[in-house]
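Novice: One structure, pasted below without further comment.
The values are calculated or read from the model by the stated rules, or taken from the named source; none is laboratory data. The structure displayed is predicted, hence computed values, not measured ones. Cβ: placed from backbone, ideal geometry, glycine included. Neighbour counts: every protein chain shown.
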Amino acid sequence: MLKSLFLHFSLIMYSQVIEFMHNRRSVLIKHMHEPGPNKKQLQAILTIACRVPDHRKLEPWRFLVIQKNARKRLGEALALLKTEQQYLEPEQIEAEQQSLMRAPVVIAVIASPVEHKTPWAEQILSAGAVCQHINIAAAAHGFASQWITGWTFENKQAEQLLGLNDKEFVAGYLYIGSSDDQPVDRKRPDLSDKVTWLTD
Ligand SMILES: Cc1cc2nc3c(=O)[nH]c(=O)nc-3n(C[C@H](O)[C@H](O)[C@H](O)COP(=O)(O)O)c2cc1C
């Protein structure tokens with residue numbers, strides 16, 4: 001009796017997870033506002049982020065959690081670097097300075113591959129999984145999030161400014177905040193274009 005009751009509730013819970021996975025969407029940063037996750041919620045999100053497949057347990061990723069004044073400080077430093085690299089209109093400079101302020105919290109997921117018999121690509125795939133785990137964990141905590149790479153992607157000077165070593169790069173900036181926006185779904189792939197069923 002107790003066992004079948006447990007099974008019944010487990011099935012209800014799993015169907016909620018399936019529904020959640022079907023409906024979860026990224027929310028554009030422009031629709032985000034305060035509050036962001038607090039320290040306890042961030043620790044829960046980061047703990048889930050670390051629970052990704054990781055061949056030979058290399059943990060080839062780490063995090064910069066950018067919040068409060070650090071968003072302004074880092075945004076201004078990156079904006080200055082960008083102006084050294086290319087011409088920007090004054091309003092573009094200001095947008096760059098404000099860039100990290102657009103959400104209460106930004107988690108930079110640093111792909112941190114090492115020399116190892118586990119190929120580089122496998123380590124990077126694990127870092128990508130970390131980014132999506134953050135999207136999922138943030139949504140499960142009731143927050144909006146978006147995965148952004150932006151102009152600093154593979155930009156060596158930006159990576160140095162962020163304190164990365166020469167093997168590392170930012171796999172994604174995960175912007176996290178609250179939102180009243182309910183994004184409508186975007187077009188999803190037709191499975192028949194994507195799947196080849198091998199049956200014998
Ligand atoms: C690796 C990666 C980098 C991305 N970088 C950007 C970006 O720089 N700017 C942007 O507008 N969207 C970027 N996106 C797309 C959004 O994060 C997101 O995929 C899109 O808004 C819809 O996602 P959803 O299916 O979770 O709703 C990136 C996605 C990935 C996977």
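Novice: With the checklist (1) within 28 Å of residue 126 (Cα to Cα); (2) away from the ligand (no atom under 16 Å from the Cβ); (3) not small (Gly, Ala, Ser) in hand, flag the one item residue 9 doesn't pass.
Specialist: All conditions pass for residue 9, except number (1).
Novice: For the stretch 58-77, state whether one or more residues are at pLDDT 95 or above, of a type in the set (S, T, N, Q) and more than 17 Å from the chain's Cα centre (by Cα). Explain how you work it out, then say what you get.
Specialist: Taking the stretch 58-77 first, the residues at pLDDT 95 or above are 58-77.
This time we only want the ones that are of a type in the set (S, T, N, Q), so: 67, 69.
This time we only want the ones that are more than 17 Å from the chain's Cα centre (by Cα), so: 69.
Yes, that holds for at least one residue.
Novice: If a residue counts only when it is within 16 Å of the ligand (Cβ to nearest atom) and surrounded by 13 or more Cβ atoms within 10 Å (Cβ to Cβ), which helices (runs of 4 or more DSSP H) contained entirely in the stretch 93-200 have at least 1 such residues?
Specialist: Details: elements: 120-140, 156-161, 191-194.
Once the helices (runs of 4 or more DSSP H) in the stretch 93-200 are filtered for at least 1 residues that are within 16 Å of the ligand (Cβ to nearest atom) and surrounded by 13 or more Cβ atoms within 10 Å (Cβ to Cβ), what remains is 120-140, 156-161.
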